[in-house]
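Worksheet: the structure to be examined is printed underneath.
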Amino acid sequence: MSAKTELNKVAKDLVVSMEYELTVDGEIIDATEAGDPIDFIQGYENIIAGLEKAVEGLAVGDTKEVLVKATEAYGEYDADGFVEVPKAEFPDDIPMEVGVEISVTNDDGEEMTAFIEEVSLETITLNFNHPLAGKDLTFKVKIVGIREATAEELEHGHVHFNDCECGEDCECEDGGCNCGNH
Ligand code: ZN
């Protein structure tokens with residue numbers, strides 16, 4: 001155990017394991033399975049900003065109910081956030097199905113995420129709003145583990161899953177190995 005960092009409370013640069021249940025509009029829409037928490041490095045916005053702020057200082061075993069306002073979660077809903085794209089210009093390797101998430105690079109070279117909203121005969125409508133935009137999120141969280149991050153994890157800004165069942169090393173695409181389970 002390091003002398004510089006207190007390891008029993010959620011703080012910047014520590015890897016936190018957390019179970020959660022997410023309720024939106026009174027409905028549970030996402031939850032971790034028992035014994036299968038998410039892992040993130042505190043202070044790196046691996047999780048949404050409002051939630052990160054709320055878990056700061058919690059100890060292992062602590063539970064908390066956290067209301068994260070839309071502005072601190074996935075932003076306000078933007079009624080102008082829709083773009084119609086001719087099907088002919090749509091990349092071949094992406095399925096043309098409602099709900100599919102795609103990455104789009106804008107004119108400034110910024111990478112943006114969009115979701116297919118509608119597929120019609122000639123065009124595809126992309127929605128640049130996150131599906132949870134405009135929604136207040138209620139999380140029930142439980143801190144189940146805290147450990148020091150490795151130097152490599154801090155450098156990359158995400159947790160490495162060395163114990164992934166697939167046995168493949170981290171390729172750093174989504175902050176985990178490339179088995180697609182993270
Ligand atoms: Zn990495």
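List of remarks:
Every residue, every condition in (1) among the charged types (D, E, K, R); (2) open to solvent by less than 80 Å² (accessible area, probe 1.4 Å); (3) over 22 Å from Leu51 (Cα atoms), yes or no:
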{"site": "Glu89", "(1), (2), (3)": "yes, no, yes"}
{"site": "Ile94", "(1), (2), (3)": "no, yes, yes"}
{"site": "Glu97", "(1), (2), (3)": "yes, no, yes"}
{"site": "Val104", "(1), (2), (3)": "no, yes, yes"}
{"site": "Glu117", "(1), (2), (3)": "yes, no, yes"}
{"site": "Asp136", "(1), (2), (3)": "yes, yes, no"}
{"site": "Val141", "(1), (2), (3)": "no, yes, no"}
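- Segment 142-153 residues that are over 19 Å from Val66 (Cα atoms), paired with ones that are assigned to a loop (DSSP other than H, G, I, E, B) and within 16 Å of the ligand (Cβ to nearest atom) (beta carbon under 8 Å, 6 or more apart): Glu148/Asp13; Ala149/Asp13; Ala149/Val159; Thr150/His160; Glu152/His160; Glu153/Val159; Glu153/His160
- Check on Ile146, hydrophobic (A, V, I, L, M, F, W, C), out of contact with any helix residue (DSSP H, G or I) (no Cβ under 9 Å at 6 or more places or on another chain) and either buried (at least 19 other Cβ atoms within 10 Å of the Cβ) or not in a loop (DSSP other than H, G, I, E, B) (or both): yes
- Identity of the residue in segment 126-141, in a strand (DSSP E or B) and without any contact (Cβ under 8 Å) to a residue 60 or more places away in the chain, that ends up nearest to Thr23 (Cα to Cα): Asn127
Condition check ((1) under 23 Å from Phe40 (Cα atoms); (2) more than 16 Å from the ligand (Cβ to nearest atom); (3) touching a strand residue (DSSP E or B) at 6+ places or on another chain (Cβ under 6 Å); (4) not assigned by TED's automatic domain parsing to the domain that holds Lys12) across all residues:
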{"site": "Glu89", "(1), (2), (3), (4)": "no, yes, no, yes"}
{"site": "Pro95", "(1), (2), (3), (4)": "no, yes, no, yes"}
{"site": "Asp107", "(1), (2), (3), (4)": "no, yes, no, yes"}
{"site": "Glu117", "(1), (2), (3), (4)": "no, yes, yes, yes"}
{"site": "Ser120", "(1), (2), (3), (4)": "no, yes, no, yes"}
{"site": "Leu137", "(1), (2), (3), (4)": "yes, yes, yes, no"}
{"site": "Ile143", "(1), (2), (3), (4)": "yes, yes, yes, no"}
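- Note on segment 79-103: residues that are among the β-branched types (Val, Ile, Thr), touching a residue at least 24 places away in the same chain (Cβ under 8 Å) and farther than 24 Å from Val24 by Cα total 2.
- Scanning segment 110-125 for residues that are at pLDDT 90 or above and either over 30 Å from Leu22 (Cβ atoms) or not in a strand (DSSP E or B) (or both) turns up Ser120, Leu121, Glu122, Thr123.
The values are calculated or read from the model by the stated rules, or taken from the named source; none is laboratory data. Please read these numbers as outputs of a predicted model, since none were measured by experiment. Positions of Cβ are backbone-derived with ideal geometry, glycine not excepted, and every protein chain shown enters the neighbour counts. Please note that ligands, DNA and RNA were not included when accessible areas were found on the heavy atoms of the full protein model with its side chains. Shrake-Rupley method; radii C 1.70, N 1.55, O 1.52, S 1.80 Å.
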